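The values are calculated or read from the model by the stated rules, or taken from the named source; none is laboratory data. Just so you know, these numbers come straight off a predicted model, no measurement behind them. Quick reminder, even Gly has a Cβ in these numbers, built from the backbone with ideal geometry, and neighbours come from all protein chains shown.
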Amino acid sequence: MAREAITSDKLPAPVGPFSLAVHGGGLLYLSGQVAQDPATGALIDGDVAQQTDQILSNISTVLESAGKSLGDVVRVGVYLTDMDDFAAMNGAYAKHFAEPFPARTAIGVAALPLGAAVEMDVVVS
């Protein structure tokens, strides 16, 4: 299976040996995203809802580079450092997706890059 890396000059480059997104096998896989400010690469100030909005905005930017949108997302992985933030994340998340909603998993984790409260990855058809 051939892989094609997807990049965007509107977002910071990955800080490790991974691609922002990879197209392969008919699907597009986006690496985990935290709420980085596109201009600085720093984590935004804000609660989990604001971080969720920024993440999904950043994901939308990557998807645009691949000719896709949030409407093409089939699966979302959500990682929260505090499961008590689930309702706030869910409220912000719901503003970005329409029915039929993507399949989703939410997992509690000990810590995330940059001290983020939430991280998301997606699979796109």
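For the reader, a short list of remarks on this structure follows.
- Residue in region 5-21 that is closer than 14 Å to L114 by Cα, modelled with pLDDT under 95 and among the hydroxyl-bearing types (S, T, Y) present: no
- Residues of region 22-36 that are in contact with an Asp or Glu (Cβ under 9 Å, 6 or more places away or on another chain) and either closer than 18 Å to L56 by Cα or at pLDDT 95 or above (or both): V22, L28, Y29, L30, S31, G32, Q33, V34, A35.
- Any hit, region 24-42, residues being surrounded by 19 or more Cβ atoms within 10 Å (Cβ to Cβ), among the small types (G, A, S), within 23 Å of A117 (Cα to Cα) and under 14 Å from the mean Cα position of the chain (by Cα): yes
- Residues in region 11-53 that are in contact (Cβ under 8 Å) with a residue 24 or more places away in the chain, in contact with a Lys or Arg (Cβ under 8 Å, 6 or more places away or on another chain) and within 21 Å of D72 (Cα to Cα): H23, L28, D53.
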